[in-house]
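Shown next, in structure tokens, is the structure this report addresses.
The values are calculated or read from the model by the stated rules, or taken from the named source; none is laboratory data. Since we're looking at a predicted model, the values are computed, not measured. Cβ sites come from the backbone with ideal geometry, for glycine too, and all protein chains shown count toward neighbours.
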Amino acid sequence: MMILNFSHPLTEQQLDQIRQMVGEPIEQVIFLPVHFDNGQPFLPQLEALMANIPFQGDEWQNLSILVNPPSLNFITALLLAELHGRMGYFPPILRLRPVEGALPPRYEVAEILNLQQVRESARKHRYEANR
């Protein structure tokens, strides 16, 4: 599995949690820090960010990819649209949550969200509504 990390660096403990949840080894974590300039259009900044990902053509469709999205919702929405276009489906994403009572603050992997499954389920609702 390849992890595209658009957020804070993942700890060894978080990587262990991910391995347990997905049941496969992590081949590589590609750290892609996201710092967009709010005073500039986001699409060119997204294009520059995507240029830092070393995948080519068919790799987007054939690699097992998990995404740790950036925290700013506008960037995440653009990024997911871009990834869907390249991959042909929505990638699964990580949801991290604070560890209750931890000092200093720490985060754990809460779940892996299967966005493609959510999309397919929503399509069924659309078709049912048209009957």
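Below are the figures for this structure:
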| quantity | calculated |
| --- | --- |
| Enumeration of residues in segment 33-51 that are assigned to a loop (DSSP other than H, G, I, E, B) and either among the small types (Gly, Ala, Ser) or surrounded by 12 or more Cβ atoms within 10 Å (Cβ to Cβ) (or both) | PRO33, VAL34, PHE36, GLY39, ALA51 |
| Single match in LEU78, LEU96 (criterion: in a helix (DSSP H, G or I), at pLDDT 95 or above and over 11 Å from the mean Cα position of the chain (by Cα)) | LEU78 |
| Number of the condition not met by PRO92 [criteria: (1) loosely packed, with under 14 Cβ neighbours inside 10 Å; (2) within 13 Å of ILE3 (Cα to Cα); (3) not polar (S, T, N, Q)] | (1) |
| Every residue from segment 99-131 that is under 22 Å from ARG19 (Cβ atoms) and more than 15 Å from the chain's Cα centre (by Cα) | VAL99, ALA102, ARG106, TYR107, GLU108 |
| Identity of the residue in segment 9-32, within 18 Å of ILE53 (Cβ to Cβ) and surrounded by 14 or more Cβ atoms within 10 Å (Cβ to Cβ), that ends up farthest from the chain's Cα centre (by Cα) | ILE26 |
